[in-house]
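Here the structure is laid out as structure tokens; the discussion comes afterwards.
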Amino acid sequence: MTSEAAFPANFLWGAATSAYQIEGQPLADGAGPSIWHRFAHTPGRVANGDTGDLACDHYRRFEEDVALMADLGLGAYRFSVAWGRVLPEGRGSVNAKGLDFYRRLVDALLERGIAPMITLYHWDLPAALHDRGGWLNPDSPAWFADYAQVLFRALDDRVPLWVTINEPWVVTVPGYLDGELAPGHRDPFEAPRVAHHLLLAHAEAVAAYRSLGGRHRIGLAVNLEPQHPASPTPENQAAARRRDAFINRWFLDPLYLGRYPAELATIFGAAWPEFADADLARIRSTSDSVLGGSLGTGCATDFIGVNYYSRGLVRADPNTQPLGAIRISPENAPRTTMGWEVYPPGLTETLLWIKEHYGNPPTYITENGAAFDDPPPADGLVPDPERVDYLRAHLRAAHAALEQGADLRGYFVWSLFDNFEWAQGYSQRFGLIRVDPPNQARILKASARFYQNVIRANGV
Ligand SMILES: OC[C@@H]1[C@@H](O)[C@H](O)[C@@H](O)c2[nH]c(CCc3ccccc3)c[n+]21
């Protein structure tokens, strides 16, 4: 098959998941509960009262699931470690059985020639640490670095790619500002401090990785979406700029420029604290800190993980505080069942924005995918043409950025399986493979076959 868009020879093709969304049995073998176990079991927080108690039963079925990944020809698999399985109290003694699950998963992947990309934190903070203040506690960066070191020591020689934190913005805003996701706080004074501790946690984990002599690559995964004014009025343009700082630059400016976007102090007003210059120096990713070892001032992040789904169409709205901007859904545009506009050019724009603003760092698309109301299987395959179209269009958009010089190294579909979609429970299907919790059957979708062919052709 001649592909219209041929990718580089060593381009990495993967799929992504996260622990609480697929594993099930969150308390098995001595694991400690997470804030998501607590949140999902709190009435009213998750659609239909869904929880991750069973999810895709991956904790038990992982060997079968790795075989499916191999059938698809995945070159890599991105998954997260449930902190509470490894450290039930979040710190202190290691739970050997919990750590052993991840050792066996990594070995099963390597036996099939699939490179593991491990996300250390994908939102499931041990409840025991939350009870000590969680990400609000200034000790949280040290807690995270200690946990990271347990994984680095146990697995590093076999894990080529590490992501410290998945989407610090989502941990901060839905978690501490609008309260939609665990732990469900709504406090503008808490959010900036949580964000700061997450950046420090990333920096401390990277520093720990370097001091342990980590030979592979470690990065941060961020959700990014271009912000476009709904109409070119000065108010809407200013609103789009505010939302761009709030979503896209909040974490990347400190990481690559050593400072927070000035807009955030205006947006948060009195709730925005004074941050120590030494902290910002510690967070800043400077290659010379690798040369300087642990004496370096920066954290030497190796790559950016980009989670791209859509763009934001923005209108000024004084009633929507603290931003004074609201994201609108365009009436006549194609949208996914999450309500997100299908907008492939936004991926090209995002990758080129990173290149222009942050010095073209190595980049992986660590998440890209779409939820649709898939029809039931027909002849053992789920026909999901909308998802095939979404993936094809976004792969072409990624390729367009490559052709313009973006240092894009790989692409991970979100997600390998239909899984627990946080506050929306199992009502949203993102998978290449259909999974229904009641029967746990794995049924390939047409998009899985499409992606298998993309990988074989190394192009689309
Ligand atoms: O919503 C689909 C996926 C989640 O299942 C992943 O766990 C998470 O990493 C992830 N991030 C985004 C984009 C940011 C976002 C997250 C949650 C809610 C709204 C937007 C979409 N997704």
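Would you please calculate the Kirkwood hydrodynamic radius of the stretch 323-460 over all C-alpha pairs and express it in Å, rounded to one decimal? This gives a value of 16.3 Å.
Between Q404 and V94, the C-beta separation translates, for a Förster distance of 41 Å, into a calculated FRET efficiency of about 0.35. The listed residues R284, R429 rank as R284, R429 when sorted by accessible area, largest first, using a 1.4 Å probe.
At 1.4 Å probe size, with every protein chain present, just tell me what the per residue accessible area of the chain comes to in Å².
Numbers: 16900 Å² over 460 residues.
Solvent-accessible surface per residue comes out at 37 Å².
Here the spin labels are modelled as points 7 Å beyond Cα on the Cα-Cβ line, and at N332 and E235 they lie 2.5 nm apart. Sequence-distant contacts, meaning Cα pairs under 8 Å at least 6 residues apart, place the relative contact order of the chain at 18 percent. Given the stretch 1-94, report the % of alpha carbon pairs whose separation exceeds 20 Å. Every Cα pair in the stretch 1-94 considered, those over 20 Å come to 50 percent. Measuring r between the beta carbons of S211 and A457 and using R0 = 45 Å, the FRET efficiency lands at 0.60.
Once the C-beta distance of R259 and N439 is scaled by a Förster radius of 41 Å, the resulting FRET efficiency is 0.20 to the nearest 0.05. The Rg/Rh ratio for the stretch 123-254 is 1.04, where Rg is the radius of gyration of the alpha carbons and Rh is the Kirkwood radius.
The DSSP beta bridges internal to the stretch 12-457 are antiparallel in roughly 20% of cases. At q = 0.06, 0.10 Å⁻¹ the log10 of I(q)/I(0) for the chain amounts to -0.23, -0.69, computed by Debye summation with a single uniform scatterer per C-alpha, solvent ignored. Roughly how many percent of the accessible protein surface of the stretch 12-457 is carbon and sulfur, given a 1.4 Å probe and a whole-percent answer? Taking all protein chains in place, the stretch 12-457 shows 50 percent carbon and sulfur surface.
The charge dipole of the chain, taken about its Cα centre with unit charges on the Cβ atoms of Lys, Arg (+1), Asp and Glu (-1) only, comes to about 540 debye. Here the stretch 1-48 yields Rg over Rh of 1.30, to two decimals, using C-alpha coordinates and the Kirkwood radius. Given only helices, namely DSSP H runs of n ≥ 4 each adding -39500 (n - 2.57), what is the per-residue ellipticity at 222 nm of the chain, to the nearest 500 deg cm²/dmol? Helix contribution divided over all residues of the chain: -11500 deg cm²/dmol. Between the residues G98, I247, Q404, the greatest Cα displacement towards the positive end of the dipole of the chain, with unit charges on the Cβ of Lys, Arg, Asp and Glu, is found for Q404.
The values are calculated or read from the model by the stated rules, or taken from the named source; none is laboratory data. For clarity, every value in this text was computed on a predicted model and none was experimentally measured. Note: ideal-geometry Cβ built from the backbone for every residue, glycine included; neighbour counts use all protein chains shown. Ligands, DNA and RNA are excluded from the accessible area calculation, which covers all protein heavy atoms including side chains. Shrake-Rupley method; radii C 1.70, N 1.55, O 1.52, S 1.80 Å.
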